[in-house]
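The values are calculated or read from the model by the stated rules, or taken from the named source; none is laboratory data. All values reported here derive from a predicted model rather than from experimental measurement. Note: ideal-geometry Cβ built from the backbone for every residue, glycine included; neighbour counts use all protein chains shown. All accessible areas refer to the heavy atoms of the entire protein, side chains included, with ligands and DNA or RNA removed. Shrake-Rupley method; radii C 1.70, N 1.55, O 1.52, S 1.80 Å.
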Amino acid sequence: MIASSGVGSSWDELVSTALLGTGRRSSTTPEALLDAAALETVRRRAGLRPVVAAAPPEPALDDPRPALPAAARHRLAVLLTDRAGSGGTRRGSAPDLLELLPQWLATANGHGYAPPPELLPALLDAARGRTDLRPQVLTFAGPRALWLARLNGDWKFALRATPGAGAALPAPDDTEGVGRLWGEGLFAERVALLAAVRVHDPAAARALLAGTWRTERAEDRLMFLDSLRTGLGDADEEFLEQALGDRSRNVRATAAELLSALPRSALAARMADRALSCVALDRAAGVVVVEAPHECDAAMERDGVVAVPPTGRGERSWWFGQLVEAAPLDRWAARFGGRTPEEIVALEVADDWQGELHGAWCRAAVRQRDTAWSRALLGPPTAPGAAGPGAVSLAERAKLLAALPGAERAAWVAAFIAAHGLSEAFQLLGVCGTPWAPELGRAVVDALNIARDAGSYPWSFSGVMGLAERCLDPEEAVRLEGLTAAVDEPEGAAPGAGGYWAEAFQRLVGTLRLRRAMRDELAPPVAG
């Protein structure tokens, strides 16, 4: 009937006729077009044939790790669904549960628990929204998370973040399997394989890399070379020296950086000779004199010195800083008559070179993880000013602190807070181990209490308060109970500050109690 009316039988033809107008189709009337459209609509809705069902996916791998205790399983569900405290500057007295998730994951991973399968989607959603959670989440979620990620595009980040995308790697001592995957595997698989072998046997990993070095792409060589940071030792020097002649500037720079971390390497000796030739002690005046290099020759460039400075930096100071940074710190004592690092750092530096020289020593101390030089450059925590005798910024002081033993680090930051308050302490607190040592915890709480007495609002210290909630020892909750009551506001205090402080301390105590409960719920699994 439709065909005889002159109207096309396909939906596209009907649409085309409607758009063009039935007047341009002499054999078609509007009534015939509408009849045909109605009939085709019914056919489209009722006439579809079922498609062939897709093959079901392969089942996920088993997770042999022990299951979570029931209380911990329930706690995880709450942490993943509650969003209390997010957004805004005033957070109320309720703990911010999502901020406790990293600590919960670290404890669960430390005990080797497996996740409840029904919570895997929520875990992956949480990691999708917060990149800082991904390493802990993916470790905890295990192989089933990768299985899910292959089926849901929203979770593809899990495959990208997992070297080898979950593919099983051969055992590091499986020579045949390692050789086959190294020769035939995808890039991510080869990176994961090299890292695994390096941890197990540094020499074997170096030999693996040396065997194909000349045939690798420049960007791949750079990634593979970076894996040598694990287990870096004197045995790597010969290979790294050869890499100094690489065609890629980035590969050469990485090789030079690694060699400079080996105090007994030939490159470190060459850089030390250059650096020491630029620095001298004027014994008559008792000051350090700097004569920065006048050129960056080819040999310096081969050893990793970048010739062109960043915008705003002078060439000579740029070259000088790189030489000092790469020189072994133990060479300076002889240059300064056997002085200790503290005595060297205390020397006056002539002609405004102190910032450049001390800054380079700071970078060298961080790179070489030299405790004595880090301690000297930090100076006493009670020293006035934002910088110590050698540090040029709080960021560098934080890096220097990382080289000190944990107890000494905590004591230094506690003394710094006692002397200078909390305004510049956030970055320094970030490098202290958790839970905080009692001395450090007391210093932070005392400083917060002083801030309350001064009449300011608590959200001026929201960063430190957040760290305290996550890092104070949970056992401190009992001692801090006395701070949760509202107090009379001092004269000149910000309106309502006393109530807000009471609320902030209530949240602190509540969070500490919650962390203690989490710790108890995540007791180590029973062996056997």
Would you confirm whether any residue within region 396-405 is charged (D, E, K, R), open to solvent by 20 Å² or more (accessible area, probe 1.4 Å) and part of a helix (DSSP H, G or I)? yes
For region 330-352, the count of residues that are in contact with a helix residue (DSSP H, G or I) (Cβ under 8 Å, 6 or more places away or on another chain) and in contact (Cβ under 8 Å) with a residue 60 or more places away in the chain equals 2
Residue count, region 277-298 (criterion: open to solvent by less than 20 Å² (accessible area, probe 1.4 Å) and in a helix (DSSP H, G or I)): 1
Please state which one of ALA192, ALA210, ALA205, ALA235 is open to solvent by less than 30 Å² (accessible area, probe 1.4 Å), modelled with pLDDT of 90 or more and among the small types (Gly, Ala, Ser). ALA205
Of the residues LEU169, LEU181, LEU119, which single one is modelled with pLDDT of 90 or more and either over 28 Å from LEU100 (Cβ atoms) or surrounded by 13 or more Cβ atoms within 10 Å (Cβ to Cβ) (or both)? LEU119
In region 354-374, residue nearest to ALA280 (Cα to Cα) [restricted to those that are of a type in the set (A, V, I, L, M, F, W, C) and surrounded by 19 or more Cβ atoms within 10 Å (Cβ to Cβ)]: LEU357
Give all pairs with beta carbons closer than 6 Å in which a residue from region 280-301 that is within 19 Å of ALA256 (Cβ to Cβ) meets a residue that is open to solvent by less than 80 Å² (accessible area, probe 1.4 Å) and not in a helix (DSSP H, G or I); count only pairs at least 6 apart in sequence or on separate chains. CYS296/VAL305; CYS296/ALA307; GLU301/ALA307
Checking the conditions here, which among ALA60, ALA55, ALA37 is assigned to a loop (DSSP other than H, G, I, E, B), surrounded by 11 or more Cβ atoms within 10 Å (Cβ to Cβ) and not acidic (Asp, Glu)? ALA60
Hey, any hits in region 426-437 for a residue that's surrounded by 15 or more Cβ atoms within 10 Å (Cβ to Cβ), aliphatic (A, V, I, L, M), over 26 Å from the mean Cα position of the chain (by Cα) and more than 30 Å from GLU325 (Cα to Cα)? no
Of ALA395, ALA376, which residue is within 28 Å of ALA425 (Cβ to Cβ) and more than 25 Å from the chain's Cα centre (by Cα)? ALA376
Residues of region 153-166 being modelled with pLDDT under 90 and either among the β-branched types (Val, Ile, Thr) or open to solvent by less than 50 Å² (accessible area, probe 1.4 Å) (or both), in sequence order, are PHE157, ALA158, LEU159, THR162, GLY164, ALA165, GLY166
When GLN242 is evaluated against the numbered criteria (1) of a type outside the set (Phe, Trp, Tyr); (2) assigned to a helix (DSSP H, G or I); (3) buried (at least 20 other Cβ atoms within 10 Å of the Cβ), which criterion, by number, is the only one it fails? (3)
Region 416-528: helices (runs of 4 or more DSSP H) wholly inside it with 2 or more residues that are within 27 Å of ALA71 (Cβ to Cβ) are 462-471, 497-521
Only one of GLU396, GLU348, GLU356 is within 29 Å of TRP318 (Cα to Cα) and modelled with pLDDT under 90; which? GLU396
Which of the helices (runs of 4 or more DSSP H) contained wholly in region 299-374 include at least 3 residues that are out of contact with any strand residue (DSSP E or B) (no Cβ under 7 Å at 6 or more places or on another chain) and more than 29 Å from GLY245 (Cα to Cα)? 341-346, 354-368
Subset of region 258-269 that is touching a helix residue (DSSP H, G or I) at 6+ places or on another chain (Cβ under 8 Å) and either in a helix (DSSP H, G or I) or within 15 Å of GLN242 (Cβ to Cβ) (or both) - its residue that is most open to solvent (accessible area, probe 1.4 Å): ALA266
